[in-house]
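First up is the structure itself, then whatever we jot down about it.
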Amino acid sequence: MKEEGRTAPDAAVSDEIQKVAVVGLGYVGLPLALLFVSKGFEVYGIDIDRRKIEMLEGGKSYLPDVSDAEVKSRMASGLFHPTADMALAGEAKAVIICVPTPLTPYHTPDLSFLQDAARAVGETLVQGQTVILESSTYPGTTREVLKPILEKTSGLRAGKDFYLGYSPERIDPGNKVFTVERIPKLISGLTEPCCDRVERLYGRVFERVVRVSSPEIAEMAKIVENSQRLVNITFMNELALICDAMNINVWEVIDAAATKPFGFTAYYPGPGIGGHCIPVDPLYLQWKSRAFDAESKFIELSEKMNRAMPEIVANRLFELLAEHSRQDEALSAENSHVENPNIVAPSNAHAPDSGRSDSDRSNADGLNEEARNAEVPHEEAPNAEALNNGESRRKPYILLYGVAYKKDVNDVRESPALDLIPILIRKGARVDYHDPYIDEIKVNDVVYRSVELTDEKLAEADCVLILTNHSHIPVERIVKHASLVFDTRNAASAFKHEKHVHIFGGGRHGDRAYASGNTSKKQS
């Protein structure tokens, strides 16, 4: 234990910080560490994943936003030291904690990574050091969780013997315009001198530093940023269902509304919200607010709706497969009638009987009600058995394009694909995926590997489901070779009039009441 009651930090250290330790080299920590190196700081990049350390030492990057050339350049500078040795944090003047803050299986905050990092930092904490937390978390974490662990482990006092601050990460993976350096940096401190210290450090690195009055303000600001996005994107998903029912293209609606130069921000629908922030941070706030006998109904409804989206997408997909199958049968019967003029169809038969009852054909009725209730639907759309009229046929083959939670990243955290794949399999489908950024994923202890997106593979699929709109998605080739395309991202908007291309939220397709809640009902 270190001796307490030493000189206050604001009177002790006059030299500027030159050595920084970044704990956690993930999507936040690695770009931050390299930014500090580019500004002339010596940086210890600390991570318990030795594979990351080995790749960095070999001049290789594991993030799409960071090139191998950048890693090699920073390593060659002699200022960047990737390591798994937490003891080296004690060599730095400032320690920045960038560890994951996920959810438990019960959708409550999991601060285990932060608590472990705090204890490790506390073991080497020395007088005059600055500790800054960047991980997204609920209001009060810096003061109520991090501070007590650091003080207990080190024997030092925050604001007296070391500086303590909070500055929420705001990184947007895949964003080439707002890079780490250009995003305004919120900063806070446990005390005014603590905030002064954080401001002097970050002012040398970021283009703009925004000072707020307390860690709780900064913590809440980050939570609010992502809660607002959760609520609005979820509303767009709900609106997509409504627009489908009303034969209106929601994507065109949003673009039209976005022409208003004030008072409107465009958000877009999709198969569900993923990533390390938007589906997670609001639940941190919800959990914390209940300690004050308060809660957000908006967050509760949005979270339920978001978790329902993979099931809704799966139901829609099987409805499309069933309809596509009926169209093929009708076309086959028509061709057969033309080729065999002696075969006369019954006068009351306009199309071959699919073997599905009226109730089967209206299995999508529950979708709008599900959207209103924002709950995982209980009445399912046709599964593989219903699709094949109960016959013993091959399972429908679904090829997913993209499993990353957003375009141009290799991140699958909270990706809707992780929930959608088991749902499709449960309904009787065979599933493969292609993602140029992700070689393999693990779903329910089963490892799936990205398949090559050949013309033959596209033609083999009963449906190509677009989940991620990567910048270089070969839309034209997908549309050309796939027999059925269900696009949840509007990536195939240029081909929306093709009969086999269906866009979530795109409204009615041709003369079909697409996603109207009753696929047997036609609009006049």
Percent of accessible area on the range 231-298 owned by carbon and sulfur, 1.4 Å probe?
64
What are the ³J(HN,Hα) values, in whole Hz, obtained from phi via the Karplus relation 6.51 cos²θ - 1.76 cosθ + 1.60 with θ = phi - 60°, for each residue of the range 27-43 in sequence order, with x given for Gly and Pro?
5, 9, x, 5, x, 5, 4, 5, 5, 4, 4, 5, 8, x, 7, 8, 10
Accessible heavy-atom area order of Arg50, Arg211, Arg200, highest first, probe of 1.4 Å
Arg50, Arg200, Arg211
Of the listed links Lys52/Lys72; Lys19/Lys39; Lys176/Lys406; Lys260/Lys496; Lys185/Lys222; Lys39/Lys185, those spanning more than 19 angstrom between alpha carbons are Lys260/Lys496
What is the sum of charges around His81, taking Lys and Arg as +1, Asp and Glu as -1, for the other residues whose C-beta is under 13 Å from the C-beta of His81?
-3
Summing +1 for each Lys or Arg and -1 for each Asp or Glu, what net charge is found among the other residues whose Cβ lies under 10 Å from the Cβ of Val28?
-1
Rounded, prolate or oblate: which one fits the range 63-121, using the alpha carbon gyration tensor with axes a ≥ b ≥ c (rounded when a/c is under 1.5, else prolate when a/b beats b/c, else oblate)?
oblate
Hey, if we sort Trp251, Trp287 by accessible area with the 1.4 Å probe, largest down, what's the order?
Trp287, Trp251
How far apart, in nm, are the 7 Å Cα→Cβ label points at Ile248 and Arg182?
3.5
Tell me, in nm to one decimal, what length is gained between Ala291 and Leu103 on full extension, where the rule is 0.36 nm per residue of separation less the Cα-Cα distance?
65.9 nm
Hey, got a sec? Which trypsin sites (Lys or Arg not before Pro) in the range 143-178 land in a DSSP loop and have at most 15 other Cβ atoms within 10 Å?
Lys176
Not counting ligands, DNA or RNA, and with a 1.4 Å probe, what is Met75's accessible surface area in Å² rounded to the nearest 10?
50
Hey, for a label at Gln228 modelled as a point 7 Å past Cα toward Cβ, could you say which residues of the range 145-182 have their backbone N under 15 Å away?
170
Quick one: pull the percent of accessible area on the range 13-109 belonging to carbon and sulfur, 1.4 Å probe, ligands and nucleic acids left out.
52
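The values are calculated or read from the model by the stated rules, or taken from the named source; none is laboratory data. Just so you know, these numbers come straight off a predicted model, no measurement behind them. Every residue, glycine among them, receives a Cβ derived from its backbone with ideal geometry; neighbour counts consider all protein chains shown. For the accessible areas, the whole protein counts, side chains as well, though only heavy atoms, and no ligand, DNA or RNA atoms are used. Shrake-Rupley method; radii C 1.70, N 1.55, O 1.52, S 1.80 Å.
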